[in-house]
Amino acid sequence: MFYEKKTIIVSMKAMNNKKNVEHDFSKGSMIRNILSMAVPVTIAQAVQLLYNLVDRVYLGHIGQGADQALTGVGLVFPIISIVSAFTQLYSGGGAPLMSIARGAGEEEKALKLENVSFVLLILTGVVLMGVFYIFMKPILYLLGASDATYPVAASYLQIYLLGTLFIMISSGMNLFINAQGFGTMGMMTVCIGAVLNLFLDPLFIFVWKLGVRGAAIATVLSQMAGCMWVLWFLTGKKVQYPLQRKYMKLKDRKMILSILGLGLSGFIMCVTNSLSQIACNATLARWGGDLYVGAMTILNSVREIFNLAANGVAEGAKPVLGYNFGAKEYERVRKGIFVTCGMILSYMVLAWLTVHFFPSFLVGFFTSDKALAEIAAPALKLFFAGFFMMGFMFCGQATFVGLGFPKQAIFFSLLRKVVIVVPLTILLPYFMGVEGVFVAEPVSNYIGGIASFGTMLLTVMPILLGKKQKI
C-alpha cells in the first residue's frame with residue numbers, strides 16, 4: 001500500500017512537471033510575477049465589485065423611494081460581510097498554505113488543502129443560509145432597520161440568501177485557481193458573473209419592475225454562472241490540482257486547524273467590517289436618521305472602489321510570496337514585499353487625492369437625490385482623510401498571510417476595527433455630533449497602518465535575513 005501511494009505521488013509530480021515550470025514563481029522577475037497575478041486579480045475584483053455596485057447605482061436612480069432602496073440594501077452589507085468572512089476563513093487560509101506547499105514541492109498536501117477547504121465552504125454555506133432565514137427579522141432590526149426600511153432590506157435578503165453557496169464556492173475556490181498561477185482564469189470567474197449581472201439588473205429592476213427584488217435575482221443568477229465556471233475549471237484537465245472526491249475528507253485535524261488558523265485573520269477582518277458597519281448604521285440612525293445611513297452606503301461604495309487596486313496587488317502578491325517562502329528563496333521574498341508595498345502606497349496616495357478634490361463628482365454616481373448628496377459629499381472627504389495610511393495595513397497583512405504568520409495577521413485584523421473603529425464610532429458623536437462617526441475611520445487608518453507595517457519590519461525581515469527562526 002505504501003508502494004502504491006508513493007507511485008501515485010511520483011506520477012502526479014511527473015504529470016505536473018511541465019505545468020509547475022510554467023507557474024514557478026521562484027524564477028524570473030518578482031515585479032513581473034507579482035503583476036502577472038495582481039493585474040488579473042485586480043480586474044477580477046473590479047468586476048466582482050460590479051455585483052453590488054451596479055445594484056446600488058441602478059437603485060439610486062429609480063426615482064421615488066431611491067433613498068429607502070439604498071438604505072435597505074446598505075443594511076444587508078453586514079450579512080454579506082459575514083458570508084464573505086466564512087469564505088475567507090477557509091479559502092484565505094487554505095490558498096496561501098497551498099502556495100507554500102507548491103513551493104516546497106508537497107504535491108499531495110496542496111491537493112488536500114484545496115479539497116478540504118471546498119468541503120468546509122459547502123457545509124458552512126448551508127448552515128449560514130438557514131440561520132439568516134430563521135432569524136432575518138431580529139437581525140435586520142439589530143443592524144439598524146426601521147419600520148420603513150425593513151421591508152426593503154428583507155425583500156433583497158430573502159432572495160440574496162438563495163445564492164449563498166454560489167457566492168462562497170465562486171469566491172472561495174477562485175483563490176485556489178489563483179494560487180496555482182492561473183490568474184487569467186480566476187479573472188474570468190468574476191467577469192462572467194459581473195457582465196451577466198450588468199445586463200440582468202436593468203431588465204429585472206426597470207423592464208420587469210421588480211425593484212430591489214430584481215436586483216437580488218440578477219445578482220444570484222450571475223453568481224450561479226461564476227460558480228459553474230469555477231467548478232468546471234477545477235474539475236478539468238488543465239488545472240494542476242483538481243477537485244477530487246477521494247481528497248474531500250475532513251479527517252486531518254491538523255490540516256483543518258492550520259487552514260482555520262491562517263484564515264482567521266481574513267475572517268476577523270470581514271466580521272469586524274460587519275461589526276463596524278453595524279455600529280455605524282445604528283449610531284447614524286440615532287444621531288442623524290435614515291438619510292445618514294444611506295450616505296454611509298455611498299461612502300462604503302466609494303471605499304470599495306478605491307480599495308480595489310490595493311487589495312488586488314496584495315492578493316496577487318500572496319501566492320508569489322508564499323511560493324518563494326516555501327522554496328526558501330528569502331531574498332526574492334524580501335524584494336517581493338518591497339515591490340508590493342511600493343505599488344500599493346503609490347496608488348493609495350493618488351486615490352486619496354482624487355477623493356479629496358472631487359467628492360461631489362464621486363457621490364453623483366450613486367445618487368441623484370440632492371439632500372442625500374449634500375450630506376454624503378463632505379462626509380466622504382472626512383471619511384477618507386487618512387485613506388493613504390491604510391496602504392501600510394495592506395502591505396503588512398499581505399506579508400503576514402502570504403508567508404503564513406497567523407498570529408500577527410489575526411492581531412492586526414482585530415486592532416483596527418474592534419479596538420479602534422467601533423469604540424470611536426460610538427463615543428465620538430457625543431463630542432462631535434454625527435461627524436464623529438466619519439472621523440473614526442481615518443484615526444484607525446493611521447494607528448493600524450503604522451502598527452501593522454512596523455511589526456512586519458521587526459518580525460518578518462529578521463527571519464528573511466536569517467537572523468532568527470520563524471515564530
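The values are calculated or read from the model by the stated rules, or taken from the named source; none is laboratory data. None of the values given here were measured: they were computed from a predicted structure. All Cβ positions, even for glycine, are placed from backbone atoms using ideal geometry, and neighbour counts span all protein chains on display.
Here are a few things to note about the model shown:
- Selection within region 19-63: residues that are of a type in the set (F, W, Y) and part of a helix (DSSP H, G or I). The member of this set that is modelled with the highest pLDDT is Y58.
- Listed by position, the helices (runs of 4 or more DSSP H) enclosed by region 397-471 that each have at least 3 residues that are at pLDDT 90 or above, more than 21 Å from the chain's Cα centre (by Cα) and farther than 18 Å from G322 by Cβ are 422-427, 429-432, 435-464.
- Taking region 116-149 as the range and being more than 21 Å from the chain's Cα centre (by Cα), touching a residue at least 60 places away in the same chain (Cβ under 8 Å) and part of a helix (DSSP H, G or I) as the test, the residues that pass are I139, L140, L142.
- Of all residues in region 361-389, those that are surrounded by 19 or more Cβ atoms within 10 Å (Cβ to Cβ) have Cβ atoms under 7 Å from Cβ atoms of residues that are in a loop (DSSP other than H, G, I, E, B) and modelled with pLDDT under 90, 6 or more apart or on another chain, in F366/G60; T367/G60.
- Qualifying residue in region 200-222 (condition: under 25 Å from G94 (Cβ atoms), in a helix (DSSP H, G or I) and more than 21 Å from the chain's Cα centre (by Cα)): no
- Options F453, F431: the member that is buried (at least 17 other Cβ atoms within 10 Å of the Cβ) and over 17 Å from T272 (Cβ atoms): F453
- Taken over region 223-242, the residue count meeting the criterion of being part of a helix (DSSP H, G or I) and surrounded by fewer than 16 Cβ atoms within 10 Å (Cβ to Cβ) is 2.
- Residue match in region 358-380 (condition: at pLDDT 90 or above and within 21 Å of the chain's Cα centre (by Cα)): no
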